[in-house]
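Here's the structure we're looking at; comments come further down.
Rule-based calculations on the coordinates, nothing more; no lab input. Quantities reported herein were computed from a predicted structural model and do not represent experimental measurements. Methodologically, a virtual Cβ is constructed for each residue, glycine included, from the backbone with ideal geometry; neighbour enumeration extends over all protein chains shown.
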Amino acid sequence: MTVALTSRWFPWLLIGLALLAGWLPGSMLQEAIPEAFRKEGRDQVLHAVGFMILTIGFRPWGKSRMDVGSWLPGVVFLLLVFATLHEGVQALIPGRTHSWADFRADLIGIAVGSALVLLWDRPRNS
């Protein structure tokens, strides 16, 4: 499998995994997540890290690299919409609730992921 093909499908695989995790009923989630991560505030860390990984996952790799300004704004918009829907839908899932703290953590993850991508892809002066 080429790098271009892998980088094209990889972010959508990550989105699919995030959808799966976000739509699991609360009872299943309690069994799937280790107790260490279920303590107060640690859920937000998982949200931030997850959305950071989602943001970085959309970065083109290998020869298919594009200018960061041509793709990052669209990715940020897509992930903002996804974070909004992700939190909103949780109110409809048994054993889950929506949380403004989780949404803020999603936004922090998008911001950190964007900053890392901008650092990695900044023009190098020789």
Along each principal axis of its Cα atoms, how long is the stretch 48-102 end to end? Whole angstroms, biggest number first, please.
45, 17, 16
Within 10 Å, count the other beta carbons around each residue, average over each peptide in 80-86, 45-51, and list them highest first.
45-51, 80-86
Proximal charge balance of Thr84 [Cβ under 14 Å; K/R count +1, D/E count -1]
-2
Length released on extending from Leu92 to Arg122, taking residue separation times 0.36 nm less the Cα-Cα span:
6.6 nm
Provide the FRET efficiency to the nearest 0.05 for the Leu80-Glu35 pair, computing r from the beta carbons and using R0 = 41 Å.
0.85
